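> My questions will all concern the structure given below.
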Amino acid sequence: MKNKFLLLALAALPLSVFSQKKISIIPSIGYGFRTASLPSNLSGQEESYLKGLKSGINFDIGAYYQLNNVIGLGLKYNIYSASSSGNFIGYTPDGNPVPISLSTDDTITFVGPAFLYSNFDESTKHKLYYDMAIGVISYKSKTGNILFSGSNLGLAANIGYMYEITPRIFIGPQVGYTGGTLVKAKINGQQFNLPDDQKEALHRLTVSAGVTIRL
C-alpha cells in the first residue's frame, strides 16, 4: 500500500510543479527606431540613405524563472535589422563620374542576464511587467564586401501591458529600449579604436506586440 501511495505521489509531482507556473517566456516583435543623430554635413542623398538604417524590425525574447510572486531572473535576447540601398555618383582616378549602387544591411544583437518584475501571479486579467538586462551588444554593418563590426557592454529594458487570455497565455503591447556605444570596431577583421566624435551609438527605442507564455 505504501508503494502505491509513493508511485502516485511521484506521478503527481511533475503536474504539481507544472501547475506552479514558475517559468515565463515573453517573445515580442515590432519596430525599432535608432535615436542617434545623423552627421550635419551630409548631402540629401546620403541623409536619405542613412535614414533607411535608422528604423527596422525588432525581435525580443526573455525567459525567466520566478523566484517569488513578483520577481524573476533569466535571460534576454533581442535583434534589430534594417537595410538601405541607393545610387550615388563616384569618380574614377582621372575625374570621370561613374554611377555606384550601394546596399547596406545592419544588424544589432543583444544578449544578457535579465531581471523581471511583474504582477503575473495576481488575480487580475490586467498584467504589467518590467524587465531589464545588462549584457553584450553587437553590431554588424555590411556594405558590399566591407563588414564593419564591433561589440561592447549594453543594456536592454522593456515595459509592457498584458491581458490574460488564459491563466497561461497573456498578450499585449510593450515599449522598450536597447543601448550601447562602440568604442572599438573592426573593418573586415582589422580592429581599430574609434575617435571620440565617431563612436557608434547603438541606442534605439522599440514598440512591439508580445505574448507571455507561463509554464
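The values are calculated or read from the model by the stated rules, or taken from the named source; none is laboratory data. Remember, predicted model here, so these are calculated numbers, not experimental data. Reconstructed Cβ throughout: ideal geometry from the backbone, glycine too, with neighbour counts over all protein chains shown. Note: areas computed on protein heavy atoms with side chains; ligands, DNA, RNA excluded. Shrake-Rupley method; radii C 1.70, N 1.55, O 1.52, S 1.80 Å.
> For the list (1) in contact with a Ser or Thr (Cβ under 6 Å, 6 or more places away or on another chain); (2) open to solvent by less than 30 Å² (accessible area, probe 1.4 Å); (3) within 24 Å of SER101 (Cα to Cα), I need the number of the one condition that ALA82 fails.
Among (1) in contact with a Ser or Thr (Cβ under 6 Å, 6 or more places away or on another chain); (2) open to solvent by less than 30 Å² (accessible area, probe 1.4 Å); (3) within 24 Å of SER101 (Cα to Cα), ALA82 violates only (1).
> In addition: Can you say whether SER40 is of a type in the set (Gly, Ala, Ser), open to solvent by 40 Å² or more (accessible area, probe 1.4 Å) and touching a Phe, Trp or Tyr at 6+ places or on another chain (Cβ under 9 Å), as far as the supplied structure shows?
Working: of a type in the set (Gly, Ala, Ser): yes; open to solvent by 40 Å² or more (accessible area, probe 1.4 Å): yes; touching a Phe, Trp or Tyr at 6+ places or on another chain (Cβ under 9 Å): no.
The answer is no for SER40.
> Please work out if ASN78 is closer than 30 Å to VAL111 by Cβ and modelled with pLDDT under 95.
Taking the combined requirement at face value, the residue does not satisfy it.
> Still on this model: Identify the residue in segment 84-100 that is part of a strand (DSSP E or B) and among the polar types (S, T, N, Q) and, among all such residues, is nearest to the chain's Cα centre (by Cα). Write out each step before concluding.
Filtering segment 84-100 down to residues part of a strand (DSSP E or B) leaves 84-91, 97-100.
Going one step further and asking which of them are among the polar types (S, T, N, Q), we end up with 84-85, 87.
On the way: SER84: 20, SER85: 23, ASN87: 30 Å.
Filtering first and then ranking leaves SER84.
> Quick check on segment 22-34. Is at least one of its residues at pLDDT below 85 and either open to solvent by 80 Å² or more (accessible area, probe 1.4 Å) or assigned to a strand (DSSP E or B) (or both)?
Of all residues in segment 22-34, those at pLDDT below 85 come to none.
No, that holds for no residue.
Quick grid of which residues meet (1) of a type outside the set (Asp, Glu); (2) surrounded by fewer than 16 Cβ atoms within 10 Å (Cβ to Cβ); (3) at pLDDT 95 or above:
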{"site": "THR107", "(1), (2), (3)": "yes, no, yes"}
{"site": "PRO113", "(1), (2), (3)": "yes, yes, yes"}
{"site": "GLY135", "(1), (2), (3)": "yes, no, yes"}
{"site": "GLY154", "(1), (2), (3)": "yes, no, yes"}
{"site": "ILE159", "(1), (2), (3)": "yes, yes, yes"}
{"site": "ARG168", "(1), (2), (3)": "yes, yes, yes"}
{"site": "GLN198", "(1), (2), (3)": "yes, yes, no"}
{"site": "GLY210", "(1), (2), (3)": "yes, no, yes"}
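> Taking segment 140-152, which residues are at negative phi and surrounded by fewer than 17 Cβ atoms within 10 Å (Cβ to Cβ)?
Within segment 140-152, LYS140, LYS142, THR143, ASN145, ILE146, LEU147 qualify.
> With free of Cβ contacts under 8 Å to residues at least 12 places away in the same chain and either in contact with a Leu (Cβ under 7 Å, 6 or more places away or on another chain) or not aromatic (Phe, Trp, Tyr) (or both) as the only criterion, which of THR104, THR206, THR166 stands out? Explain how you work it out, then say what you get.
Details: THR104 fails: free of Cβ contacts under 8 Å to residues at least 12 places away in the same chain; THR206 fails: free of Cβ contacts under 8 Å to residues at least 12 places away in the same chain.
Among THR104, THR206, THR166, only THR166 is free of Cβ contacts under 8 Å to residues at least 12 places away in the same chain and either in contact with a Leu (Cβ under 7 Å, 6 or more places away or on another chain) or not aromatic (Phe, Trp, Tyr) (or both).
> Identify all residues within segment 145-164 that are over 19 Å from SER208 (Cβ atoms) and assigned to a strand (DSSP E or B); write none if there are none.
Step one: filter segment 145-164 for residues over 19 Å from SER208 (Cβ atoms), giving 145-153.
Within segment 145-164, ILE146, LEU147, PHE148, SER149, GLY150, SER151, ASN152, LEU153 meet the criteria.
> The conditions are (1) in contact (Cβ under 8 Å) with a residue 12 or more places away in the chain; (2) surrounded by fewer than 18 Cβ atoms within 10 Å (Cβ to Cβ), and THR92 fails exactly one of them. Which is it?
Only one criterion is unmet by THR92, namely (1).
> Next up: Working only within segment 52-79, note down all residues that are open to solvent by 60 Å² or more (accessible area, probe 1.4 Å), among the polar types (S, T, N, Q) and touching a residue at least 12 places away in the same chain (Cβ under 8 Å). If you could, list the steps in order and put the result at the bottom.
Initial filter on segment 52-79 (open to solvent by 60 Å² or more (accessible area, probe 1.4 Å)): 57, 59, 65, 67-69, 73, 75, 77.
Within this subset, residues satisfying the condition of being among the polar types (S, T, N, Q) are 68-69.
Across segment 52-79, the qualifying residue is only ASN69.
> Report yes if TYR49 is within 30 Å of TYR130 (Cα to Cα) and either aromatic (Phe, Trp, Tyr) or surrounded by 13 or more Cβ atoms within 10 Å (Cβ to Cβ) (or both), otherwise no.
Numbers: within 30 Å of TYR130 (Cα to Cα): no; either aromatic (Phe, Trp, Tyr) or surrounded by 13 or more Cβ atoms within 10 Å (Cβ to Cβ) (or both): yes.
Spelling it out, it is not the case that TYR49 is within 30 Å of TYR130 (Cα to Cα) and either aromatic (Phe, Trp, Tyr) or surrounded by 13 or more Cβ atoms within 10 Å (Cβ to Cβ) (or both).
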